[in-house]
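The values are calculated or read from the model by the stated rules, or taken from the named source; none is laboratory data. Worth saying up front: this structure is predicted, and the values here are computed from it rather than measured. Positions of Cβ are backbone-derived with ideal geometry, glycine not excepted, and every protein chain shown enters the neighbour counts. Just the protein is used for accessible areas: all its heavy atoms, side chains included, with ligands, DNA and RNA removed. Shrake-Rupley method; radii C 1.70, N 1.55, O 1.52, S 1.80 Å.
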Amino acid sequence: SSRRRHTRYISVTGVQTCALPIFRAFTSDQLPQLSQSQIESLETSDIVALTADQFSYLGGLNPGDGVQYLSSDQVVAMETADIALLSTQQVALLAQNTGRLRALAGEDIVALSTQQLRAIGTQFGSLTTSQIVALQDGDLANLTSEQIRDLTTEQIAALETKDIKSLS
């Protein structure tokens, strides 16, 4: 994967050595019990260690709602495959924060389904121009009229002619 892995450094007899990533292995039974502050305090290595299936259990009022407490750095640590498997509700929760939404790589945006893209809702205009340009013709063609209206002049100008034709 192209994602950067975070490691902790320890000092042994005054010499700093690099350790392998340290993370807590959570079970699917434990994840729904995590509070907002516990989710916010997860190291990026903890996020990397979660499987796609485990994100559906991540704490919150309803299973999986805990993604709304992830920071931008934690979202960056997620694998594209994990992001692609989020429910539409989880994508909508991520999209409530512009920073988290903009933290998604172009490949993450491309991996989202039409329903997930629509779940971004009115925050769609908050995507960066490079994120918009990364979308495929079919994805652009399935945007809601509100999402198209929310595109900035810069975003529209960055699209290719074939992309603009797919908006109609």
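Against the list (1) of a type outside the set (Gly, Ala, Ser); (2) closer than 17 Å to residue 55 by Cβ; (3) more than 15 Å from the chain's Cα centre (by Cα), the condition residue 137 fails is (2). One residue stands out in the stretch 137-168 among those that are farther than 20 Å from residue 94 by Cβ and not in a helix (DSSP H, G or I): the one that is least open to solvent (accessible area, probe 1.4 Å), namely 159. Restricting 81, 111 to residues that are within 12 Å of the chain's Cα centre (by Cα) and over 17 Å from residue 143 (Cα atoms) narrows the list to 81.
Among the residues of the stretch 93-114, the one identified as open to solvent by 40 Å² or more (accessible area, probe 1.4 Å) and among the basic types (Lys, Arg) is 102. If you go through the stretch 26-74 and pick out every residue that is closer than 15 Å to residue 85 by Cβ, part of a helix (DSSP H, G or I) and of a type in the set (S, T, N, Q), you end up with 1. Residue 90 meets each of the listed conditions (1) crowded, with 17+ Cβ neighbours inside 10 Å; (2) not in a helix (DSSP H, G or I) apart from (2). Filtered by the rule that a residue be open to solvent by less than 40 Å² (accessible area, probe 1.4 Å) and within 19 Å of residue 85 (Cβ to Cβ), the stretch 115-130 gives 116, 117, 119, 120. Checking 54, 16 one by one, the residue that is open to solvent by less than 70 Å² (accessible area, probe 1.4 Å) and either modelled with pLDDT of 85 or more or farther than 22 Å from residue 96 by Cα (or both) is 54 and no other. Within the stretch 75-87, the residues that satisfy the criterion of being open to solvent by 20 Å² or more (accessible area, probe 1.4 Å), aliphatic (A, V, I, L, M) and part of a helix (DSSP H, G or I) are 76, 81, 84.
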